[in-house]
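Right, one structure below, let's go through it.
The values are calculated or read from the model by the stated rules, or taken from the named source; none is laboratory data. Fair warning: this is a prediction, and the values are worked out from it, not measured in the lab. We place every Cβ from the backbone using ideal geometry, glycine too, and count neighbours over all the protein chains shown.
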Amino acid sequence: MRDDEIYKLFQQKNVQEVLDILQEEAAEVIQAVSKIRRFGWNNKHPEADQNNLEHLEEELGDMQAMIEILMEMGVASWGNVTVAKRAKIEKLKKWSNIFKDPEGPRTAEGKTLLEMVRGRDKKD
Ligand SMILES: [Mg+2]
């Protein structure tokens, strides 16, 4: 395939729309993380139905949908994205503290962060 043909495919309206929405969703994830860091996981805007954690989950799902659509369309490669994801995890294992406690934070009673925020008991 010639370069101008590839360029035309990437210029298609639906591809541009997916990129625009992916960009918006990435910004919404950033905003949701910012709300958690400023006001806490359990905080809720007076006019919102969700707390900040539930809002982050919604935005992560929105962004994941756009990433998957991009791959389904054949614009981004599942294989390349998977290779990049695995490489990122390996770098984080080496250069971050994220995997030092693979189960994540727990209370003295063994509850996870999600269980604390949602007030659920730990499931066995
Ligand atoms: Mg969204």
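Against the conditions (1) loosely packed, with under 12 Cβ neighbours inside 10 Å; (2) within 15 Å of the ligand (Cβ to nearest atom), where does Glu25 fall short? Just the number, please.
So Glu25 meets the others, but not (1).
Using beta carbons and a limit of 6 Å, which pairs, at least six apart or on different chains, have the first residue in region 41-70 and farther than 11 Å from Glu25 by Cβ and the second one near the ligand (Cβ under 9 Å from one of its atoms)?
Hits for this filter: His55/Ala32; Leu56/Ala32.
Return a yes/no flag: does region 93-112 have any residue that is in contact (Cβ under 8 Å) with a residue 12 or more places away in the chain, closer than 26 Å to Val15 by Cα and charged (D, E, K, R).
Filtering region 93-112 for residues in contact (Cβ under 8 Å) with a residue 12 or more places away in the chain gives 109-110.
In the following step, the residues that additionally are closer than 26 Å to Val15 by Cα were identified as none.
No; the residues of region 93-112 include none that is in contact (Cβ under 8 Å) with a residue 12 or more places away in the chain, closer than 26 Å to Val15 by Cα and charged (D, E, K, R).
Between a first residue in region 1-30 that is closer than 17 Å to Gly74 by Cβ and a second residue that is within 11 Å of the ligand (Cβ to nearest atom), which pairs have beta carbons less than 9 Å apart while being 6 or more apart in sequence or on different chains?
What qualifies is Val18/Met66; Leu19/Met66; Leu22/Met63; Leu22/Met66.
Every residue in region 35-49 that is at pLDDT 95 or above and within 16 Å of the ligand (Cβ to nearest atom), please.
Across region 35-49, the qualifying residues are Lys35, Ile36.
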